[in-house]
Amino acid sequence: MTQARILHSMPFTRNEVKLLLSGEPFFNRLLQLIQQSKQVVYLQFYILDLDVTGNKVLNELVNAALRGVKVFVVVDGYASEQLKATVLEQYRKKGVYIKRFSPIHAGNFFRLGRRMHHKIVWVDGEVALVGGINLADKYSGFQGKEPWLDFAVELKGPIIQHVKKICDDVLSKRIARSVLSKWQVKPQSAHTSIKSRIIQNDWLRGKVEISRAYRTAIRKSNQSIIIVASYFLPGARMLRLIKQAASRGVKVTVVLGGYSDVAFIKPAMVYLYDWMFRHNITIYEWNKSILHGKLAVVDEKWVTVGSYNMNALSDYGSLELNVEAINETFATEVQQQIQILINEGCTQVSPTNYFRSKNWLLQFYRWVSYNIIRASLLLTFYLMQKARNARTYYH
């Protein structure tokens with residue numbers, strides 16, 4: 001395969017950026033934005049389940065369409081499998097256009113396309129939500145259960161135009177040209193001036209901006225690195241940069257899940273604990289619910305939040321979207337929020353207890369899990385490359 005062409009990143013602009021947590025903070029704001037919309041609502045989500053949360057969001061979108069608002073939704077064709085063709089048609093009749101990105105059909109499973117892992121809300125060219133939170137009960141807490149821990153940011157300012165461009169790129173070109181093109185983006189003036197921008201990963205289209213931003217921030221770090229990660233399986237280059245940072249005295253803290261929703265992920269991550277303890281990395285485990293968040297703070301001034309996981313699938317296989325911000329005040333606020341979460345729902349992993357409980361059989365299981373996950377990611381990437389060569393990205 002020819003080397004992917006590296007595309008230019010979007011520029012930094014001054015914007016208003018506000019951190020939102022999963023559960024009520026995110027979903028109350030999402031529903032409020034839909035209810036207040038006047039012209040256009042655009043959603044992109046990896047998962048949209050037809051549960052209490054998904055139906056509540058869809059009902060609000062239908063109400064918006066009845067008011068004359070143009071409503072567009074793009075979901076991943078694999079992760080949002082509940083949205084069958086019949087369901088899509090029902091909502092289109094109600095004024096809600098829903099597109100499935102790269103659906104997998106029975107006859108082309110082994111020609112798997114890229115996955116659309118974005119989580120975006122864009123309303124009236126004035127405000128957007130970007131993060132890692134999907135539309136499902138496990139993220140909202142609407143059913144009375146502790147929501148999965150995840151993050152998003154609310155954006156206002158010139159960055160909204162960049163979000164729209166990404167939305168247009170994924171939506172049908174015909175619709176983007178004929179419908180969305182006439183809606184002029186008029187971003188609200190930002191009340192705070194946070195230097196920020198949208199960064200993307202789409203390796204097969206030459207975009208590796210999120211991976212590069214992480215590496216640059218870690219390479220330049222001189223005080224502290226805090227990483228909150230749901231599926232923490234970084235590649236050799238990233239591990240080397242983290243090791244080098246720790247060796248020059250940078251305090252490295254990693255917040256991981258106490259348990260996982262994906263088979264073999266937890267033992268695969270624990271396999272790396274030996275390596276982390278050898279390099280004086282502090283490990284916390286979130287135990288109140290599944291940890292699904294993807295966030296990092298470096299030197300109390302650089303922050304990134306979004307859909308990107310620190311593993312090969314996000315590096316090479318999925319469409320990922322993060323916000324990168326450089327601002328000491330915002331970084332301090334985010335770091336304080338992480339500390340609150342650590343205090344309220346995390347347990348620090350003790351090296352003494354870890355090594356005391358370790359045995360060769362358990363470590364062998366972790367090693368097997370680690371290599372199963374790595375092999376699975378490599379297979380997925382191979383299938384995506386095959387889809388690229390067959391030109392079957394969009395369906």
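The values are calculated or read from the model by the stated rules, or taken from the named source; none is laboratory data. Small disclaimer: the values here were computed from a predicted structure and weren't measured. Neighbour counts are summed over all protein chains in view; Cβ atoms, including those assigned to glycine, are modelled from backbone coordinates with ideal geometry.
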For this session: Mind telling me which of the residues 251, 243 ends up being surrounded by fewer than 20 Cβ atoms within 10 Å (Cβ to Cβ), in contact (Cβ under 8 Å) with a residue 24 or more places away in the chain, among the charged types (D, E, K, R) and out of contact with any strand residue (DSSP E or B) (no Cβ under 6 Å at 6 or more places or on another chain)?
Result: 243
Exercise. Considering region 341-370 alone, what residues qualify as being surrounded by fewer than 11 Cβ atoms within 10 Å (Cβ to Cβ) and β-branched (Val, Ile, Thr)?
Worked result: 352
Problem set entry | Only listed residue being modelled with pLDDT of 95 or more and over 30 Å from residue 329 (Cα atoms), chosen from 48, 83 | 48
Exercise. Which residues, counting only those in region 17-76, are closer than 14 Å to residue 91 by Cβ, touching a Gly at 6+ places or on another chain (Cβ under 7 Å) and outside any helix (DSSP H, G or I)?
Worked result: 48, 71
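Every residue in region 265-294 that is under 23 Å from the mean Cα position of the chain (by Cα) and either closer than 25 Å to residue 20 by Cα or part of a strand (DSSP E or B) (or both), please. Show your work before the answer.
Start the filter on region 265-294 by keeping residues that are under 23 Å from the mean Cα position of the chain (by Cα), which leaves 265-270, 272, 283-294.
Scanning region 265-294 gives 283, 284, 285, 286, 287, 288, 289, 290, 291, 292, 293, 294.
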For this session: Answer yes or no as to whether residue 262 is among the β-branched types (Val, Ile, Thr) and part of a loop (DSSP other than H, G, I, E, B).
Result: yes
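Which one of 230, 307, 260 is modelled with pLDDT under 95, of a type outside the set (D, E, K, R) and touching a His at 6+ places or on another chain (Cβ under 6 Å)? Don't jump to the end; show me each part of the working.
Values: 307 fails: modelled with pLDDT under 95; 260 fails: touching a His at 6+ places or on another chain (Cβ under 6 Å).
From the options 230, 307, 260, the qualifying one is 230.
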Seminar exercise, completed: Every listed condition ((1) modelled with pLDDT of 95 or more; (2) among the hydroxyl-bearing types (Ser, Thr, Tyr); (3) within 20 Å of the chain's Cα centre (by Cα)) holds for residue 9 save (1)
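Give the residue that is surrounded by the fewest Cβ atoms within 10 Å (Cβ to Cβ), with candidates limited to residues of region 295-330 that are assigned to a loop (DSSP other than H, G, I, E, B) and of a type in the set (S, T, N, Q). Give the derivation first.
Initial filter on region 295-330 (assigned to a loop (DSSP other than H, G, I, E, B)): 299-301, 307-311, 327.
Of the ones still in play, those that are also of a type in the set (S, T, N, Q) are 307, 309, 311, 327.
Values: 307: 29, 309: 23, 311: 23, 327: 20.
Result: 327.
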Exercise. Does at least one position in region 221-243 carry a residue that is over 23 Å from residue 133 (Cβ atoms) and either within 17 Å of the chain's Cα centre (by Cα) or of a type in the set (Phe, Trp, Tyr) (or both)?
Worked result: no
Exercise. Are there any pairs, at least 6 apart or on different chains, whose C-beta atoms fall under 9 Å, with the first in region 343-357 and at negative phi and the second loosely packed, with under 11 Cβ neighbours inside 10 Å, and if so, which?
Worked result: 350/356
Problem set entry | Residues within region 100-144 that are modelled with pLDDT of 95 or more and polar (S, T, N, Q), tallied | 2
